[in-house]
Amino acid sequence: MSGGSWRTIAGLELRTQLQGAPFWILLIVLALLVGSVNPTAMLPTGSATIGGLQVAATSAHALASSFALSAFFAYPFFACMMAALCVVRDEELGMRELLHSTPLRPSAYLLGKLAGIAATLGLAMLWHLAGMVLLRELPAVLGSAPLGSPFAVWNYVLPLALVVAPGVLFVATVAFVVGAFTRRTMAAYAVPVLYSLAVLMLLWTWSPPGLPHWFDQLLMVIDPSGLRWMRRSLFLVDHGVAYYNAAPLALNALFWGSRVVALALPAILVAILVRSQAARRPLEGGRSTRSLRTMFRRLASGRTEPGAGSPSRGAQGPPLVRFGALADLDMRQSSPSTVRGAWVVAWAELRAMWRQPACWLFTALLMFVVVEAGVSGDDISGAPVLLTAGTLAVRTIPVVTVLVCLFLLFIVVELMHRDTATGFAPLANAAPVGTAAILLGRLASVMVLSFVLMAACAAATLPVLLGQPGGGGALWPLGLVYGAVLLPSFLLWSSFVVALMTAVRSRTAGLGVGMLALLGTGALFLRGEMTWVTNWLLWGALRWTDFGVFPLNGSPLLLNRMLALALAVLLWAVSMALFPRIERDAVGSARRRQGPQRLRASLKLAPFALAPVLIGGFLAVDIEQGWQGTAEQDRAERYFRENAVAWSGAVPLVIRTIDVSLELDPAARTLAVEGWYTMVNESDAALDRFALTVGRTHEPVRWTMDGRVALADDRSGLLVLTPGQPLAPGAELTVGFSYAATHPFGPTRNGGGAGTFIVPSGALLSTRGGLFLPVPGFVDDQSETRYGDPVLPGAGFNGGHTFQSRLRVRAPDAFIVNSVGTRTLLERADGYTTVYWQSDEPVGAINLIAGRWQVAEREGVSVHFLPAHTRNVNEMLATMQAARTRFSQWFMPYPWPELRLSEYPDLETNATAFPSNISFSEGIGFLTGGPPEDALAFSVVAHEVAHQWWGHLVAAGEGPGTGWLVEGMANYATLLLHDAEHGSEARARFARQLEQNYLDQRAVREERPLLATLEGAPGDEAVLAHRGALVLWMLRQSLGAPAMEDALRRYVTEHRDPQRQGTPAELLATLRQAATAPLAFDDLVREWLAGTALPEYQLSAPPVVGSGGSWRTVIEVRNVGTGSPAVDVVMVAAAPAGGGLPASATRRVVVGPGQKVRLVLDTPFAPERVTVDPDVHVLQLNRDRARLELTGIPRLGAGLDQGLDARRGAPGRPGPY
Amino acid sequence: MLQIRGLVKVYPGPIAALQGIDLDIPTGLFGLLGPNGSGKTTLMRILAGLLEPTAGSVLLDGVDIVAHPERVRARLGYLPQAFGFYPHLSGHAMLLHLLRLKGVDAPGGLPALASALLEQVNLADAARRPVSGYSGGMRQRLGIAQAIAGDPALLIVDEPTAGLDPEERVRFYRLLAEVAESRLVLLSTHIVEDVATLCPRFAVIRYGRLLTTTSPAAARQRLEGTVFEGAVSRDHYAALAGAVRVIHSHLVAGELRVRIHVPSGPPPQGFVAALPLLEDAYLLLSDDDARAAA
């Protein structure tokens, strides 16, 4: 290879790329990503306490993850575009013949091109490096940010050189090979898409339970991005903030292997390319030589040279032209109408798309991705969810829109560029077909393609939906979402790309700017700055509910779609103005940009701009005035500013009774409220005034005190009332109020859901938030959610005090209204139903839920559900009945005559237990899937029913560990119920789920003991709810079931007094009284509740010795974790051929941390397997590795060489042992 | 009638491609002759409504092409100098697509018309083959087929015989002659023979300026008796060129065959009178212009 020639090619390619749009757009994208990618995204969070250790953004680990993430999102598309098109570009410019006539060798040409691309990307990487250094180090230098890790240049250079560069070169080289070999732009465009999908869906995070370790390692080695290795090797096990801040990157063999593969694989491809047939004639056009049809035709005809043209009969004796024949053709010519012309253009484009293999391949890929994206996902309890058509379609919106928009970008750019590239433009532009027809025809063809793609998406979902037990329900939502909802987005996008191409008139610029637009949309979304006005792809905006078509967001969605269509029309008009039908004169253009002519040109577009401006403006104003808009934000800030100082420490009046009359109008989304509180001053001082907080939409609010009209001082939502006389300590006052409310008020900001709502299909209101009834006192820190759907913090609605409630609710006949307590009366008149609810028992919160339901009842329990969601109703009903019965026996008798469970639209995925009235969103319980033996619906219902006792009848105080008394107890009660109703196997299965949830969700290095855990930090709930439940089971094993039950009953009885809120210490004291071995009890508490014990067992055994009827097995049990509980070691024989349980032998051992125990078991059977704690009585780490197969060569339990890996191990479905 | 008044085109640079062209072109075949870069294609593109001039006007039967280029497209047949087709389509499909874009109609239907047109340009056998497999001449013939399709009042052909072999060129001449009987055909070329064969009238354009408008016969007539032809050795050529005006010369078997222009007086020894060719007139005109510019 001539050294000089490849350098010449490389230098020219570098110069060309530096003049092209993609390079500069890549620099812009890198700058934006460097500034916005969270440098600690892959790292564990630091301490939540003020002054606690924080993650340093300049540490080696932070920088490595930041480089890897920003590189993955920035480089692939642009690198592929530059690399793939560099050879195609020469082809289109007609350079082929010229280059072929020089001494330039194919290898020099190809390698020179590749070197030029590499040099270009190298410059981009240097820019990337400079940006990272500047943005990470400069704030520390300027003193505006705390110094992270000390500046170390290798912290920057190493990740760039070892992680970014190989990955970028990999994808660029593959794209180059594809482009050079096929000479087809669409084939080249597939490279970044497939690469991104492969990394996102497989290489980066895919790790299903049971994934063989060797396969996991293989995926790390073949991942060019390095993300999988980074995630699994560096961050999967939390090494702690101190480690990540100080330690260098631990680059192991897997990492180096992945770098070798990332560089070697494309090198091999390049070598193949250079040596291939294409390389020997690299400058020949791909199409004419590589088309299979052409090749076969040539072979059949005996011709070997392509493009020579067939020797026609005419050349051997051409017939003379018949004079006058032209006139005989009687041709006429006229301008085709716009419709006719558009049809001609559209038909030609569709035929071209039909012939494109890329269209078919992409359709197949899209269908695959839709299925993958659609079926993944669980509900908030981790249970798989049955899919409805609407849910599945909405769930796939992000991936469908991204992929289709990318594909349409490629298609439209090529479509618009084709006339220039082929030289057809002069002929087409000189034809009388109108510009409008050309553009309309092209857009129409792209929309037909979009329609076909959406139909394919819908078709892909059908097997998934119909393959579910009970089928997929109604399928029309597929047409709604994939059709009416999404097609306007694609029309807008296509119109944008068409307008873009008419403006820039360059393929690479069009691709680059289009990609920038998509990335910009993504950035807007990730930063949470998207609204209905800007969310043209509807990311995160929609939630499907079978209760109605987008009941919460229907109006803004409609306006958003209208805006998209109006913008599409505007962009079409812009395209018309910019379409290069006529090459404009520079002098004339300059004249047109001045004064009246410019104004005239702008005015021509004005009519088209009117609609989007009006719609967008109206939508923007509506959002800002709505419950998630700046008006509400301002009001919330004023509320805090005006009242925090004076009222945050004030003791509010306590509600003793609530007596309200409610008029519910779901169609109008309104609630009229009239009622009163009986309130008491429970402070030690007389109060000359008191305050209540009302929701923004509560207006107008009229007040009375003891029946007399009262005027309230409205302090931005805090209403201050002044009684005639100061209210003495213990004195009562009746505070009356009336108002109308709308929930929610106005549109959401960017879709999503709401926890409080009145929609045409029903209502969900509760005192959990501040939008239902006036809240006593000042509500501090309402901003759990940023925009007005607050959840009351701390002690909640009435400061933790209980009250009695009487509700009278009037609603249209079609609705059933459920609330807390007992329904005392039901009246129907004039198309309305009035129902009276009375709490009977003191309660701490009330809710009101209404819907058009079908009702299933059994004695003492009922389920109210959407008629289409019958799948789990019977199981849920049976669970409620069993739970009510058992919990009444185990804890205390249930005080209410009926326990209800009501389904509400999935506008907020949640399950909440109010006294006697549990509410489930439709995605929980009703649509819970999973195999029957997992009984997932049973678990979630039992958990919520348990809260009737643990959370309502027995309240927990505030403080460390109190969450254990609510969530931990609810899970423990569910364990008990599984055991009682389904047997020990089911209980063990549920226990494994809890164990896995705990291991998956805990913060390994920051975990605190349960008794010191407050709720709020990551991992806290895992400790309180999941670990807490398992520890309670362990306590039960220690105390014995009868003693445990007695103790709990005693505790419940003592704390039934609503004024007496329990603490963990009180519960433990009660349990200790029941312990026959108090010291052992204390040890257990010390290790598992006051400590963070977590044993991990490993087994080893020499060959089993024995024959006939006597076998000796020697087992070594080692505890490589912490804690020293008593555990069962169970040895099992093979299952008998005739069925039945296999023979087994059990030993109970206590193995301390770091210790081992040797067991010798003599059995009359040949042992097959030994397992530690097969019945899941003891919480442990890596349970799946605490088993040993005894047949064959003895080996250590798998995992000894893997180190800590808290999240490995498949929960699976353990058999008996 | 095509009326061109004061047509100016200046490209950024600045490059004055047209420096004020005034021309009246009647029905029939009219040639536009000039060297490469003289502004012929610029003028053709303006007349085809694809390029906006800097100044000037063009009227086709009273219709202002510059102001309303879309009005001329329905009456236009255009064969550009550089063009291409969609490579994946067959010749027949490509022509059919163009017929539809041009709004062409025929009693027998468009597919039959496309076949007939391909027959006209001797592409019938290759009609079903992808255009990507066509030779340069075949693409040119396909371009001609689409240009003559319909009933264009104005047919603009820019360097139409490029890539055509002599037989095809003859065939094209016949086609063009037939077409020009009843419409305005503007033939832009740098091949003098094309103009000499086809065009009753022609204009010479050079560096964006119109040098003359005349007929081949008149151009030849003006040189009657003043053109002589002879052979000289390469050593004596310089002396000859210094003494008389050389029209052109070419080397044949080691000696230069020279054509000279002697407006008056006897020719140099060894030179005999020759019939003046249009090429002679064109070259002399170009030379005169070059000398005037210098």
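At R0 = 60 Å, how high is the FRET efficiency between A:Arg15 and B:Glu181 if r is their beta carbon distance? Nearest 0.05 is fine. Before the final figure, lay out each step's value.
Working: r = 54 Å, r/R0 = 0.90.
Given R0 = 60 Å and the Cβ-Cβ separation, E is 0.65.
For region B:221-293, just say rounded, prolate or oblate: build the C-alpha gyration tensor, square-root its eigenvalues into a ≥ b ≥ c, call rounded for a/c under 1.5, and beyond that prolate if a/b exceeds b/c, oblate if not. Numbers along the way, then the final one.
Numbers: a/c = 1.61, a/b = 1.33, b/c = 1.21.
Prolate shape, in that a/c is at least 1.5 and a/b is the bigger ratio.
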Legend entry - Mean separation of Cα contacts under 8 Å (6+ apart) over length of chain B, as relative contact order %: 20 percent
Inset, instruction - State to the nearest 20 debye the size of the charge dipole of chain A about its Cα centre, where the only charges are +1 on K and R beta carbons and -1 on D and E beta carbons. - result: 6040 debye
Inset, instruction - Could you calculate the contour length gain from A:Gln889 to A:Asp713, that is, 0.36 nm times the residue separation minus the distance between their Cα atoms, to one decimal place in nm? - result: 58.3 nm
Inset, instruction - Rank the residues A:Met186, A:Met81 as a footprinting-exposure proxy: fewest other Cβ atoms within 10 Å of their Cβ go first. - result: A:Met186, A:Met81
Legend entry - Coil-residue trypsin sites (Lys or Arg not before Pro) of region B:62-145, DSSP, other Cβ within 10 Å capped at 12: B:Arg128
Inset, instruction - Would you calculate a helix-derived [θ] at 222 nm for chain A, using -39,500 (n - 2.57) for each DSSP H run of n ≥ 4 and dividing by the full residue count, to the nearest 500? - result: -15000 deg cm²/dmol
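Give me the net charge of A:Ala913's neighbourhood, meaning all other residues with Cβ under 13 Å from the Cβ of A:Ala913; Lys, Arg count +1, Asp, Glu -1.
Details: positive: A:Arg768, A:Arg884, A:Arg900; negative: A:Glu944, A:Glu967.
Local net charge: +1.
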Inset, instruction - Could you please state, rounded to a whole Å, how far the C-alpha centre of region A:163-231 is from the C-alpha centre of region A:399-474? - result: 27 Å
Legend entry - Charge dipole (region B:221-293, unit charges on Cβ, about Cα centre) - positive-most of B:Pro267, B:Gln221, B:Leu251: B:Pro267
Inset, instruction - Arrange the following residues from fewest to most other Cβ atoms within 10 Å of their Cβ: B:Leu164, A:Leu1014. - result: A:Leu1014, B:Leu164
Legend entry - Restricting region A:1004-1077 to trypsin sites (Lys or Arg not before Pro) in coil, as DSSP defines it, with at most 15 other Cβ within 10 Å: A:Arg1005, A:Arg1060
Legend entry - Neighbour-limited loop hits for trypsin sites (Lys or Arg not before Pro), region B:207-294 (at most 16 other Cβ within 10 Å; DSSP other than H, G, I, E, B): B:Arg222
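Under a Cβ-Cβ cut-off of 15 Å, what is the net charge of the residues other than B:Pro267 that fall near it, where Lys and Arg count +1 and Asp and Glu count -1?
0
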Legend entry - Two-site label geometry, A:Gln725 and A:Ala620: point separation in nm, points 7 Å out along Cα→Cβ: 5.8 nm
Inset, instruction - Using the charge dipole of the protein assembly as shown (Lys, Arg: +1 at Cβ; Asp, Glu: -1 at Cβ; taken about the Cα centre), state which of A:Leu719, A:Pro895, A:Thr1070 has its Cα farthest towards the positive end. - result: A:Leu719
Inset, instruction - Give me a single rounded figure for B:113-123: the average over its residues of other chain Cβ atoms within 10 Å of their Cβ. - result: 3
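Under a Cβ-only charge scheme (Lys and Arg +1, Asp and Glu -1), can you give me the dipole magnitude of chain B about the Cα centre, in debye to the nearest 20? Write out the running numbers ahead of the final one.
Working: 27 positive and 28 negative charges, 93 e Å.
With Lys and Arg at +1 and Asp and Glu at -1, about 440 debye.
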Inset, instruction - Rank these for me by crowding, A:Phe815, A:Phe550, going from fewest to most other beta carbons within 10 Å. - result: A:Phe815, A:Phe550
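Work out the FRET efficiency for A:Arg332 and B:Leu251 from their Cβ-Cβ distance, taking R0 = 45 Å, and round it to the nearest 0.05. Walk me through the numbers on the way to the answer.
Numbers: r = 53 Å, r/R0 = 1.19.
Calculated value: 0.25.
Only the coordinates and a few stated rules stand behind these numbers; no lab work does. Note that this is a predicted model, so its numbers are computed, not measured. Reconstructed Cβ throughout: ideal geometry from the backbone, glycine too, with neighbour counts over all protein chains shown.
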